[in-house]
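A.B. asks: I have a structure here, written as structure tokens, and I will follow up with some questions on it.
Any read-out appearing in this document is the output of simple, stated calculations on the displayed coordinates, not a laboratory observation. Note that the structure is a prediction, hence the values are computed from the model and not measured. When we count neighbours, we look across all protein chains shown, and the Cβ atoms used for this are built from the backbone with ideal geometry, even at glycine.
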Amino acid sequence: MKTIASFTVNHDKLEKGMYVSRIDGDVITYDIRMKKPNGGDYLSNGALHTFEHLFATCARNSAWADQVLYVGPMGCRTGFYLLLRDSVSREQALGLARDCFAFIRDFEGVIPGSRRWECGNYQEHDLPGAKAVAQDMLAVLADWTPEKMRYTE
């Protein structure tokens with residue numbers, strides 16, 4: 001079997017940030033790395049779950065809603081994938097991530113899709129944890145540019 005592209009990235013050199021993971025036709029996969037891989041500090045399940053609900057809600061209600069294909073967590077609990085059509089520039093994708101992270105940081109109220117009939121694990125949410133991750137990532141992405149979206153060799 002061929003090794004999939006994401007497994008060829010040297011995770012020991014990967015830092016927090018936003019990267020172009022792959023391009024498949026008109027779909028760009030962004031790797032939004034929120035924790036240092038293999039660093040011993042990972043997204044908690046509750047924070048990751050809440051972050052997913054809020055990030056997906058924000059992205060799918062944004063100006064780019066029709067261009068959003070997927071928002072979801074990495075199994076290793078170090079970040080999220082954001083899949084967008086290539087009609088969204090890298091700068092716009094970065095702006096979308098920042099806008100959604102600000103939305104998460106400032107969110108109050110009932111987490112969208114968190115009621116029993118809406119969610120398969122409705123009891124495992126952590127809004128304060130999700131807000132803390134969003135705040136941290138806003139600082140990481142504050143001076144991020146499309147030029148920084150390449151993995152380090």
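A.B. asks: How high is the FRET efficiency between residue 24 and residue 110 when r is their beta carbon distance and R₀ equals 41 Å, given to the nearest 0.05? Before the final figure, lay out each step's value.
C.D. replies: Values: r = 36 Å, r/R0 = 0.87.
That gives a FRET efficiency of 0.70.
A.B. asks: Scaled to the compact-protein estimate 2.2 N^0.38 Å, what is the alpha-carbon radius of gyration of the chain, rounded to two decimal places? Provide the component values of the computation, followed by the final result.
C.D. replies: On the way: Rg = 15.0 Å, N = 153, 2.2 N^0.38 = 14.9 Å.
In units of the 2.2 N^0.38 Å rule of thumb, it is 1.01.
A.B. asks: OK, next. Under the 0.36 nm per residue contour assumption, what length would be gained going from the current alpha-carbon distance of residue 69 and residue 139 to full extension?
C.D. replies: On the way: separation 70, 0.36 × 70 = 25.20 nm, distance 2.58 nm.
Working it through step by step, the gained length comes to 22.6 nm.
A.B. asks: Further, regarding this structure: To make sure I understand, if each residue's beta carbon is the centre and we count other beta carbons within 10 Å, what order do 48, 138 fall in, fewest to most? Walk me through the numbers on the way to the answer.
C.D. replies: Working: 48 24, 138 15.
The most exposed by this proxy come first: 138, 48.
A.B. asks: Return the single residue from 108, 91, 118 with maximal mean-square fluctuation; model: Gaussian network over the chain, springs between Cα atoms under 10 Å.
C.D. replies: Highest fluctuation of the listed residues: 118.
A.B. asks: Can you tell me the orientation of helix 45-59 relative to the chain, as the angle in degrees between its alpha-carbon axis and the longest Cα principal axis, to the nearest 10?
C.D. replies: It is inclined by approximately 80 degrees.
A.B. asks: Another question, if that's okay. What are the lysines whose alpha-carbon lies under 22 Å from the alpha-carbon of residue 131, with same-chain residues fewer than 8 places away excluded?
C.D. replies: Reachable lysines: 16, 35, 36.
A.B. asks: Continuing with this model, one more query. Helix 90-106: angle to the longest alpha-carbon principal axis of the chain, degrees 0 to 90, nearest 10?
C.D. replies: 30 degrees
A.B. asks: Less than 15 Å from a label point 7 Å out along the Cα-to-Cβ axis of residue 38: which backbone N atoms in segment 78-97 qualify, by residue?
C.D. replies: 78, by backbone N distance to the label point.
A.B. asks: Let me ask something else. What dipole magnitude, in Debye to the nearest 20, does segment 19-153 give about its Cα centre under +1 on Lys/Arg Cβ and -1 on Asp/Glu Cβ?
C.D. replies: Details: 15 positive and 18 negative charges, 40 e Å.
Charge dipole, segment 19-153, about its Cα centre: 200 debye, nearest 20.
A.B. asks: Using 0.36 nm per residue of separation minus the Cα-Cα distance, give me the extension gain between residue 5 and residue 87 in nm, one decimal. Don't skip to the answer; put the middle values down first.
C.D. replies: On the way: separation 82, 0.36 × 82 = 29.52 nm, distance 2.27 nm.
Difference between extended and current length: 27.3 nm.
A.B. asks: Quick check on the chain: helices-only [θ] at 222 nm, where DSSP H runs of length 4 and up contribute -39,500 (n - 2.57) each and the sum goes over total residues. Nearest 500, please.
C.D. replies: After summing the helix terms and dividing by the residues of the chain, the value is -10000 deg cm²/dmol.
A.B. asks: What is the set of long-range amide H partners of residue 30 at a cut-off below 5 Å, with H atoms built 1.01 Å from backbone N?
C.D. replies: When sequence neighbours closer than 5 places are left aside, the close amide H contacts are 21, 82, 83, 84.
A.B. asks: Order these by the 10 Å Cβ neighbour count, fewest first: 76, 58, 100, 119. Could the numbers behind the result be given before it?
C.D. replies: On the way: 76 12, 58 22, 100 26, 119 16.
The fewest-first ordering by Cβ neighbours comes to 76, 119, 58, 100.
A.B. asks: Helix 127-141 versus the longest principal axis of the chain: what is the Cα-based angle in degrees, 0 to 90, to the nearest 10?
C.D. replies: 30 degrees
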